Amino acid sequence: AIVHHQRAVALEPENQNFWIYFAETLKYILFSGINASVGDTLYQDLLQLVEHPTVRSSLIIKPILSALRCHADFSRLLETVGIDKGKGEVAYRDIAQQFSEIPLFLRIMRLSPLQDIEIERKLANLRHALLQEAVSGKSVEEGLPFSASLALQCFTNEYVLSETDEEKVSVEELEKEIERHLEEGQDIPSSSVVALGAYRPLYEFPWAEKLCEREWADDIKEVITRQISEPREEQSLRSQIPSLTPIHNTVSQSVREQYEENPYPRWIKAGLIGTDRAIGAILAGPPHRFDLGDYESPESPEILVAGCGTGQHALGTASRFSNARVLAIDLSLSSLSYAKRKTQELGISNIDYAQADIMELGTLGRQFDVIESIGVLHHLGDPVAGWRVLVDLLRPGGLMKIGLYSESARQRIVAGRSFIAGKGYTTTLEDMRRCRDDMIAMGEDGDQELIKMRNEYRDFFSISEFRDLLFHIQEHRFTLPEIDEALRALKLKFLGFEMRHEDVLKAFKGSHPDQEALTSLSRWHEFELETPDAFQEMYQFWCKKS
């Protein structure tokens with residue numbers, strides 16, 4: 001399949017569907033070797049793939065890292081770097097220069113957290129070596145593309161890497177040195193800027209704006225833009241976001257505080273598909289093939305995204321349905337300002353962002369043709385009560401997409417949360433790093449459940465996602481019989497699941513070949529009892545209001 005996708009994108013690189021299918025196929029592959037049939041152009045093809053606007057790079061990072069491990073230069077370089085900071089000499093300049101000649105690695109470092117514990121540890125060692133060079137006054141201009149990529153990787157994963165006491169002292173020393181250079185109008189080595197940016201977000205320093213006033217090489221410009229200019233822009237956008245409801249509910253207030261501190265998730269590429277269609281055409285067509293009955297697609301649908309986070313969901317919805325106007329709400333201004341900045345950056349104008357609490361939306365005075373709430377209701381104090389508020393905002397015959405956690409599929413997370421409670425970890429950055437390091441160590445000592453957690457959840461590799469995964473202030477989980485009961489009480493007709501992994505749907509159809517089974521939650525419940533990880537990410541399903 002990979003060989004044929006490579007041929008397709010080579011023959012028609014302007015055909016976005018070919019790139020979409022290429023990425024979809026790649027998601028299910030880990031390379032153990034690369035033969036001649038794919039090898040000649042594979043790394044260039046993968047570089048073009050992660051750059052393509054329709055591709056969400058975070059979904060294909062693990063396959064790309066597996067391909068890079070088959071790259072002779074990359075694997076050799078990886079071998080030369082230890083995993084213990086400060087033990088053994090690291091020839092940083094030479095290694096950084098050589099990594100700078102592997103553009104695919106540099107690019108994915110800038111786009112998404114790297115989902116690989118070994119590579120993460122080796123980057124931590126290289127970061128330590130870069131810091132020591134900078135503090136000692138050595139300018140490491142060689143390998144600057146890699147150094148800048150390292151700073152951007154650390155910013156994107158929200159500084160998930162732990163620090164030694166020695167590193168903390170060196171970081172403080174480096175920060176004071178840069179501040180002194182700025183006050184005295186002296187030149188600042190680029191390597192000092194990226195070394196500090198690999199440990200701390202630059203926008204937090206009071207002198208950060210002065211860095212924007214200087215001329216920098218392109219690699220450093222990207223660090224300055226991402227770590228200073230963009231966060232400052234988000235700060236200025238906060239005042240432009242209207243508040244539609246008060247936030248009185250104590251659970252809502254706690255959840256808002258979490259996402260103000262750690263807006264979730266930090267993303268770089270939206271992966272938007274450029275073709276939009278009528279709602280009915282999308283949901284009645286492949287791969288969903290939902291029976292919509294007498295449903296007629298509205299000409300200009302009004303859509304509510306209830307709990308939009310940092311905007312990926314709202315952007316996907318706004319670009320998916322023809323002539324849509326989207327209202328995207330969230331509790332967190334930090335998340336909303338991130339979403340608004342990215343939306344403006346993409347030139348998309350059919351989304352309105354606003355701060356609001358789902359529990360208070362009954363006073364909105366509007367109705368919608370479609371309401372989507374994915375991964376949100378289960379963080380409310382009373383999820384079904386919040387769901388009822390949304391149903392009241394939906395027009396008769398309107399459609400709703402809901403995402404809820406599965407009780408059986410979240411048992412690994414439940415165990416992780418119990419471990420955290422027992423150990424008394426808090427949600428400080430230091431404690432979350434320590435918790436994560438302890439979990440990694442326990443996995444290395446043979447704890448199979450923790451090995452599975454770090455291997456199966458992308459959320460393990462950045463701070464906001466790790467906090468959302470294991471430290472969330474409020475989490476409810478559901479069984480399919482409970483969802484069935486709620487649907488009946490809310491007078492909603494279940495239309496079917498929107499499956500991210502086709503293998504789950506194929507397995508269900510294999511044991512339930514009749515078409516009616518696809519909309520029978522009791523049959524799906526039987527299937528889930530036999531396949532408890534089937535809905536690992538969450539149940540995502542569509543329903544219709546009577």
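Below is a table of values for the structure above.
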read-out	value
Å² per residue, accessible surface of region 423-499 at 1.4 Å	44 Å²
Computed magnitude of the charge dipole of the chain (debye, nearest 20; Cβ of K, R +1, Cβ of D, E -1)	1200 debye
Kirkwood-Stokes translational diffusion coefficient of region 186-292, alpha-carbon pairs, 20 °C, 1.002 mPa s, µm²/s	117 µm²/s
List Ser75, Ser332, Ser136, ordered by accessible area with a 1.4 Å probe, largest first	Ser136, Ser75, Ser332
Value in Å of the Kirkwood radius, where region 425-546 supplies the Cα pairs that are averaged	16.9 Å
Directionally averaged projected area (convex hull, Cα atoms, region 240-284), nm²	6.3 nm²
Dimensionless Rg over Rh [region 295-424; C-alpha; Kirkwood]	1.02
Candidate lysines for bridging to Lys545, where Cα separation is under 19 Å - those fewer than 8 sequence places away on the same chain excluded	Lys401, Lys491, Lys493
Estimated FRET transfer efficiency (Thr80, Thr479; beta-carbon r; R0 60 Å; 0.05)	0.75
All-pairs alpha carbon distance profile, region 1-129, 10 Å steps from 0, percent	12, 43, 30, 12, 3
Estimated FRET transfer efficiency when R0 is 22 angstrom, pair Ala415-Val251 (beta carbons, to 0.05)	0.40
Residue-averaged 222 nm ellipticity for the chain, from DSSP H runs of 4+ at -39500 (n - 2.57), nearest 500	-15000 deg cm²/dmol
Accessible heavy-atom area order of Lys423, Lys452, highest first, probe of 1.4 Å	Lys423, Lys452
Alpha-carbon spread of the chain, three principal axes, descending order, Å	71, 56, 50
Distant-in-sequence amide H partners of Gly398 (H built 1.01 Å from N, under 5 Å)	Lys545
Rounded FRET efficiency, nearest 0.05, which uses the C-beta distance separating Ala91 from Asn15 and R0 of 35 Å	0.20
Eligible aspartates and glutamates near Lys138 by straight Cα distance, threshold 16 Å, same-chain separation 8 or greater	Glu89, Asp94, Glu173, Glu175, Glu177, Asp187
Extension gain, Arg320 back to Lys221 (0.36 nm per residue minus Cα-Cα distance, nm)	32.3 nm
Within region 407-450, backbone nitrogen closer than 18 Å to the virtual label 7 Å beyond the Cα of Arg500 toward Cβ	407-414
Proximal lysines to Lys340, defined as alpha-carbon separation beneath 21 angstrom and excluding residues fewer than eight positions away on the same chain	Lys269
Principal axis dimensions, region 3-53 - Cα atoms, whole angstrom, descending	28, 21, 17
Between region 394-462 and region 506-546, the Cα center-to-center distance that results, in Å	24 Å
Two-decimal Rg/Rh across region 355-461, once Rg and the Kirkwood Rh are taken from alpha-carbon atoms	1.12
Heavy atoms of Arg388: accessible area, 1.4 Å probe, square angstrom to 10	110 Å²
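The values are calculated or read from the model by the stated rules, or taken from the named source; none is laboratory data. Computed from a predicted model, the values in this text were never measured in an experiment. A quick note on method: Cβ atoms are made from the backbone with ideal geometry, for glycine too, and the neighbour counts reach across all protein chains shown. Accessible surface is based on the protein model in full, side chains and every heavy atom, while ligands, DNA and RNA are left aside. Shrake-Rupley method; radii C 1.70, N 1.55, O 1.52, S 1.80 Å.
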